[in-house]
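A short worksheet on the structure shown next.
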Amino acid sequence: MNDAAPPTPPPSSCDPADFIRSQTVLARAPLVPEFRLYLATEITPIWRATEDYLAREGIDPPYWAFAWAGGQALARHVLDHPELVRGKTVLDFGSGSGLVALAAARAGAVVTAADTDGLARAAITLNAAENGFDVALAVDVIGADEGWDAVLAGDMFYERTLAARALPWLRALARRGALVLAGDPGRAYKPEDGIVECARHDVPTTRELEDREMRETVVWRLTP
């Protein structure tokens, strides 16, 4: 259910926060209603608006404007099992809207949200402020290791090149002892081995984003 008025036409300025506020509404993800997020209610208007913005600013498609099934399931798992991250340092990889980062913060973690999209980082900042949490930001963290106790990856196996870059890095983090959890609704490039199921959820979605109205989504733990 939405908590605000419908989005307004995009502003003439290129301020990321203004753009996000104008193209989204404050809403709650179905599986994680604990948070209010700046989310798109219809995919086509914001996609077109972002293409216009892209022409001026060189930014990515607005993946940050949707609560994807993998992220919802992973955030739900963290909220249901806060002992996994409480008092620990956590990286939310490919954070998007910041939903998983917010779940980890609510569970008592010290959180860094990483996303290469500048608009996503602006959305994370807005969503964190809206919900009263502090979340640090990072950009391209693949290959880095800041000693995180846990690394969370929501819906990150949708594209071949990204999966090929990220998976060896995630496994290396698991080898040195980090808890590595991935939420995935059956994307094409999910690893088929070296994973252990932790939880399974039916996540309501929309045909604007998916090919069905409900996606069975699994939270996996990656093994070394």
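Return the only residue of Leu99, Leu26, Leu91 being under 17 Å from Asp184 (Cβ atoms) and either touching a helix residue (DSSP H, G or I) at 6+ places or on another chain (Cβ under 9 Å) or at pLDDT 95 or above (or both).
Result: Leu99 is the single residue among Leu99, Leu26, Leu91 that is under 17 Å from Asp184 (Cβ atoms) and either touching a helix residue (DSSP H, G or I) at 6+ places or on another chain (Cβ under 9 Å) or at pLDDT 95 or above (or both).
Report yes if some residue within the range 150-165 is at pLDDT 95 or above, more than 16 Å from the chain's Cα centre (by Cα) and of a type in the set (A, V, I, L, M); otherwise report no.
Checking the range 150-165: at least one residue is at pLDDT 95 or above, more than 16 Å from the chain's Cα centre (by Cα) and of a type in the set (A, V, I, L, M).
Can you tell me which residues in the range 115-146 are surrounded by fewer than 24 Cβ atoms within 10 Å (Cβ to Cβ) and small (Gly, Ala, Ser)?
Of everything in the range 115-146, those that are surrounded by fewer than 24 Cβ atoms within 10 Å (Cβ to Cβ) and small (Gly, Ala, Ser) turn out to be Gly118, Ala122, Ala128, Ala129, Gly132, Ala136, Ala138, Gly143, Ala144.
Name the single residue that is modelled with the lowest pLDDT among those in the range 37-88 being farther than 18 Å from Gly154 by Cβ and among the charged types (D, E, K, R).
Checking each candidate, the answer is Glu57.
Does Val100 count as out of contact with any Lys or Arg (no Cβ under 7 Å at 6 or more places or on another chain) and surrounded by fewer than 24 Cβ atoms within 10 Å (Cβ to Cβ)?
Criteria not met by Val100.
With the requirement that a residue be within 17 Å of the chain's Cα centre (by Cα) and either part of a loop (DSSP other than H, G, I, E, B) or modelled with pLDDT under 95 (or both), what does the range 207-220 give you?
Answer for the range 207-220, where residues must be within 17 Å of the chain's Cα centre (by Cα) and either part of a loop (DSSP other than H, G, I, E, B) or modelled with pLDDT under 95 (or both): Leu209, Glu210, Arg215.
Which residues, taken from the range 168-206, are more than 17 Å from the chain's Cα centre (by Cα) and in a strand (DSSP E or B)?
Within the range 168-206, Leu179, Ile195, Val196, Glu197, Cys198, Ala199, Arg200, Asp202 meet the criteria.
With the condition being outside the structural domain of Arg171 (by TED's automatic domain parsing) and touching a Pro at 6+ places or on another chain (Cβ under 6 Å), I'd like the strands (runs of 3 or more DSSP E) fully within the range 81-161 carrying at least 3 qualifying residues.
none
The values are calculated or read from the model by the stated rules, or taken from the named source; none is laboratory data. None of these values were measured; they are calculated from a predicted model. Cβ coordinates were reconstructed from backbone atoms using ideal geometry, including for glycine residues, and neighbour counts include every protein chain displayed.
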